[in-house]
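Q: Structure in structure tokens, see below.
The values are calculated or read from the model by the stated rules, or taken from the named source; none is laboratory data. Please read these numbers as outputs of a predicted model, since none were measured by experiment. Every residue, glycine among them, receives a Cβ derived from its backbone with ideal geometry; neighbour counts consider all protein chains shown. Side chains included, ligands, DNA and RNA excluded: accessible areas come from the protein's heavy atoms. Shrake-Rupley method; radii C 1.70, N 1.55, O 1.52, S 1.80 Å.
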Amino acid sequence: MPLVLRTAMAASTDYKGKHLLGKAWRLIRGFPLPQLFAIFAFGSCGSYSGETGATVRCNNEAKDVSSIIVLFGYPFRLNRVQYEMPLCDDDSTSKTMHLMGDFSAPAEFFVTLGIFSFFYTMAALVVYLRFHNLYAENKRFPLVDFCVTVSFIFFWLVAAAAWGKGLTDIKGATRPSSLTAAMSVCHGEEAVCSAGATPSMGLANISVLFGFINFFLWAGNCWFVFKETPWHGQGQDQDQGQGQGPSQESAAEQGAVEKQ
């Protein structure tokens, strides 16, 4: 087969491969996994609400059993959540108390990151599917996209870890045993305190899981973004330049042998 024909066939095969790879890349980038898991992350965290409680029974027969129910939820400023602690003396009936701790910082950071992640992926989806030629021709777009993707990878890891630690502290602060330990009436002999039901934290636990899933999604997505940057193209050009030298020499040697 002539050398020119073989070169043309190789170039055609390479073009088809790149074209199919580009279509596959746009399909993978366009699949709405980051958008969905971003919604799941900030939705499950921002919509959480729970309750904890305890019962206080005074030894004084004039006092009935008092049930304490404390409601809490996002943004988890527990030090602003009030509840009434019953008193077992005859002078007063109750005293206003507060839960312990303010865990709004990791929770709000987690929800804010999820919202920004959702809006950015929606905007990127429009660019990838509608303006892919402009994205491929302008080399600044892939570089900006790559830097933003790396930033989201780092922020998702920090947000998921911080929210997981904050959730652990919230569980400790809202346990019924912590509630009874904070009430002074439970430390004396004039009352008997019993812990109520433990708050259900299933939805909050799922939000932490969604946070780490978003981290892995963005980390995997980073490779596809990097392939569109000039840095990846420069590496391919160097590899092709190194590979063309030996192939041209071997072709020349083969032509000399055929002439002989």
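Q: Give just the number: which of (1) open to solvent by less than 30 Å² (accessible area, probe 1.4 Å); (2) more than 30 Å from residue 169 (Cα to Cα); (3) in contact with a helix residue (DSSP H, G or I) (Cβ under 6 Å, 6 or more places away or on another chain); (4) not aromatic (Phe, Trp, Tyr) does residue 127 not satisfy?
A: Every condition holds for residue 127 apart from (1).
Q: Can you spot a residue in the stretch 224-242 that is at pLDDT 90 or above and either in contact with a Pro (Cβ under 9 Å, 6 or more places away or on another chain) or within 30 Å of residue 97 (Cβ to Cβ) (or both)?
A: No, the stretch 224-242 has no match at all.
Q: May I pose another question? Please enumerate the residues belonging to the stretch 74-89 that are crowded, with 17+ Cβ neighbours inside 10 Å, more than 37 Å from the chain's Cα centre (by Cα) and not hydrophobic (A, V, I, L, M, F, W, C).
A: 86
Q: Still on this structure, please answer the following. Could you tell me whether residue 112 is among the β-branched types (Val, Ile, Thr), assigned to a helix (DSSP H, G or I) and either touching an Asp or Glu at 6+ places or on another chain (Cβ under 6 Å) or open to solvent by 20 Å² or more (accessible area, probe 1.4 Å) (or both)?
A: yes
Conditions tested, residue by residue: (1) more than 25 Å from residue 188 (Cβ to Cβ); (2) modelled with pLDDT of 95 or more; (3) touching a helix residue (DSSP H, G or I) at 6+ places or on another chain (Cβ under 8 Å).
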| site | (1), (2), (3) |
| --- | --- |
| 84 | no, no, no |
| 115 | yes, yes, yes |
| 141 | yes, no, yes |
| 155 | yes, yes, yes |
| 176 | no, no, no |
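Q: So how many residues does the stretch 154-196 have that are over 16 Å from residue 99 (Cβ atoms) and open to solvent by 70 Å² or more (accessible area, probe 1.4 Å)?
A: Qualifying residue count, the stretch 154-196: 7.
Q: Could you list, in sequence order, the residues of the stretch 90-109 that are open to solvent by 20 Å² or more (accessible area, probe 1.4 Å) and either in a strand (DSSP E or B) or without any contact (Cβ under 8 Å) to a residue 40 or more places away in the chain (or both)?
A: Selection gives 90, 91, 92, 93, 94, 95, 96, 97, 98, 102, 108.
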